[in-house]
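All remarks here apply to the structure that follows.
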Amino acid sequence: MTDLFSYNKITAEIAEEIRKKIGANNVSTDEEKLESYSHDEVPQSNYGRKYIAELLVFPESTQHVSEIMKIAHDERIPVTPRGAGTGLSSGALPVFGGIVMSFEKMNRIIELDEDNLTITVEPGVVTAEISRMASRHDLLYAGDPCSGDASFIGGNIAENAGGNKVIKYGATGAQLLALEAVLADGSVTWFGGKRRKDVTGLDFVHLMAGSEGILAVITKAVLKLLPLPRHSVDLLAAFPDARSAINFVPRIVTEGGLIPASVEFMDDKALKLVEKYLNASVPAGDAGAALIIQLEGNDEERLEEQFEAIGKLSQRHGAYEVYVADTRSTKERIWQARKGVPEALSAFYSRYTKEDLVVPTASVPKLLEMLRGETEPYGLEYITYGHAGDGNMHCTIVCPECDNWHDRLHAAQQRIYAKLIKMGGTLSGEHGIGYKRRGYMKFFLDDAQIELIKRVKLAFDPQNILNPGKLVDWGK
Ligand SMILES: Cc1cc2nc3c(=O)[nH]c(=O)nc-3n(C[C@H](O)[C@H](O)[C@H](O)COP(=O)(O)OP(=O)(O)OC[C@H]3O[C@@H](n4cnc5c(N)ncnc54)[C@H](O)[C@@H]3O)c2cc1C
């Protein structure tokens, strides 16, 4: 059997053939460009080396993608699809060199269909652009990752990105009706359609959501739209500590009797760090922890009653101050604080790992307790923020001063993951596995399931050229 990970280098002839098919202006071998397109938001220092592609391609159409894949397939060249490179799992890292395929030139919104409540887009459209286009038609695209001003929809689909509104609307996969895909041999197919129901064949649409670029290349997507809620209000509740904030989260549903659009959490360290990063005070900046609760509705009076009731409820459960943001500028101020946390972490720490742990929502308080117990013995610190409404906590482990960072981190991670499994939790809620977390998959999935993933991968891509080495540990 041929080695699944033995690839050919890109020769001058192969590069020339690609130029002829897609145009010389859509191909680059510029060293600086190759370097900047050869990583995502995970620091390269994590791996002690750099992984650099040999050739960058910028297809402008499905036809271009298909031509590139045909050549890569015939010549056995690895291809790494790349969105905006905001990924947090090294999904777009060209581990075996070869081609990085950027979708920045496939950035058209093809159609907004008001009768069928769908929007059809190319993979390089920036997520926020889809929301803006929908809202111009009084419609809502419900995908809302915090990186939405930069990330591409193709990257969101490949990661099944979550974000701020999962509690009410689900992750990116829940917004997905259909995809055009280019398979590893260059053939083009459609999975799904504008239909709201479809059991004709296997559900490849949702297999593609979260497939991290290892199965096929997404070249178009049809997304669901909803009526745009006419009004929304954001509450920021300041709590004395993380425990009281987290304990309040399920009360919003059980006692408040409603499903909010978002429930986001920041601990005291996250609040302080973001103030330092923004060089400005943020609401509840001195709190022990804060929750952002977003409520939406069409009836303004009813919404007002609801936010007043939730505000009072939060105070009965320990909140000592509640800020109400109902104008664009007050809302922006609140969300700037929450969305600034990941950027602040990258700005102030050179050694960190952003964990993406997820537990059943009722176990979040236990998760926070456990993190303290399992990081302190290794001299590590952690900062926690994230999507409290759906149990997905972005605990970022840092160690500003310590030696043996990798050893300490690895030892703490082993203990954290063992306890996480006992809580019914898992490794990643939305950032994906990619190259970064592949080594830990064996803790969470049994051998039978890991083998199945490998077989599915090779059924789609027998030559193993699409984003190889990701998702599970292939021993390479
Ligand atoms: C500040 C910040 C905040 C973030 N907040 C969130 C959040 O709230 N929720 C969340 O889920 N994530 C979040 N992320 C992570 C990241 O933004 C998401 O994973 C996002 O979906 C990645 O999109 P991208 O376009 O940057 O993809 P990239 O990072 O470029 O690629 C991600 C993966 O998608 C694959 N891919 C890209 N395009 C295609 C395609 N057309 N066909 C097939 N495969 C493809 C790549 O091969 C790779 O495996 C955040 C990141 C940052 C830096």
Calculate one ³J(HN,Hα) per residue across the stretch 170-184 by plugging θ = phi - 60° into the Karplus curve 6.51 cos²θ - 1.76 cosθ + 1.60, and present them in order as whole Hz with x for glycine and proline. x, 7, 4, x, 6, 9, 9, 10, 7, 9, 8, 10, 9, 7, 4
For the stretch 397-476, listing GluC sites (Glu not before Pro) in a DSSP loop whose Cβ sees at most 13 other Cβ atoms within 10 Å gives GLU401
Measure nothing but the geometry: give the 0 to 90° angle between the long axis through the Cα atoms of 12-22 and the longest principal axis through the Cα atoms of the chain, rounded to 10°. 70 degrees
Any idea what angle helix 328-348 forms with the longest principal axis of the chain, computed on alpha-carbon atoms, 0 to 90 degrees, nearest 10? 60 degrees
The chain: angle of helix 268-278 to the longest principal axis, Cα-based, in degrees nearest 10: 70 degrees
By counting other Cβ atoms within 10 Å of each Cβ, how are ILE14, ILE99 ranked from fewest to most? ILE14, ILE99
Over the stretch 109-227, what is the relative contact order in whole percent, taking alpha-carbon pairs under 8 Å and six or more residues apart? 32 percent
What size of dipole, in debye to the nearest 20, comes out for the chain about its Cα centre when the only charges are +1 on Lys and Arg C-beta atoms and -1 on Asp and Glu C-beta atoms? 700 debye
What pairs in LYS197/LYS454; LYS50/LYS105; LYS197/LYS457; LYS9/LYS105; LYS276/LYS339; LYS9/LYS33 have C-alpha atoms more than 22 Å from each other? LYS197/LYS454; LYS50/LYS105; LYS197/LYS457; LYS9/LYS105
For the stretch 109-227, whose charge dipole is built from +1 on Lys and Arg Cβ atoms and -1 on Asp and Glu Cβ atoms, the candidate among PHE191, ALA209, GLY163 with its Cα farthest towards the positive end is GLY163
Sort the following peptides by mean Cβ neighbour count (other Cβ atoms within 10 Å, averaged over residues), highest first: 256-262, 119-125. 119-125, 256-262
Among ILE383, SER346, ALA237, which residue has its Cα positioned farthest towards the positive end of the charge dipole of the chain, with +1 placed on the Cβ of Lys and Arg, -1 on the Cβ of Asp and Glu, and the dipole taken about the Cα centre? ILE383
Test item: Cα-centred dipole of the stretch 229-347, Lys/Arg +1 and Asp/Glu -1 on Cβ, debye: 360 debye
Amide H to amide H under 5 Å from LEU140: which residues, 5+ apart in sequence or cross-chain, H placed 1.01 Å off N in plane? LEU226, LEU228
Suppose a student asked you for the relative contact order of the chain, using Cα pairs under 8 Å spaced at least 6 residues apart; what percent would you report? 15 percent
Can you sort ASP149, ASP115 from fewest to most other Cβ atoms within 10 Å of each residue's own Cβ? ASP115, ASP149
Roughly what would the spin-label model give for SER281 and ALA418, points 7 Å off Cα along C-beta, in nm? 4.6 nm
What residue among SER314, GLY124, PRO462 has its Cα farthest toward the positive end of the dipole of the chain, where the charges are +1 on Lys, Arg and -1 on Asp, Glu, each on the Cβ? PRO462
Size of electric dipole in the stretch 349-440: Cβ of Lys, Arg +1 and of Asp, Glu -1, about Cα centre, debye, nearest 20: 280 debye
Set the Förster distance to 45 Å, then compute FRET efficiency between LYS272 and GLU31 from the Cβ-Cβ distance, nearest 0.05. 0.65
Using θ = phi - 60° and the Karplus form 6.51 cos²θ - 1.76 cosθ + 1.60, what ³J(HN,Hα) does each residue of the stretch 422-432 get, whole Hz, x for Gly and Pro? 4, 7, x, x, 8, 5, 9, x, 7, 7, x
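Throughout, read-outs are computed from the coordinates displayed, never taken from laboratory work. A quick note: this is a predicted structure, and the numbers were derived from the prediction, not measured. Cβ coordinates were reconstructed from backbone atoms using ideal geometry, including for glycine residues, and neighbour counts include every protein chain displayed.
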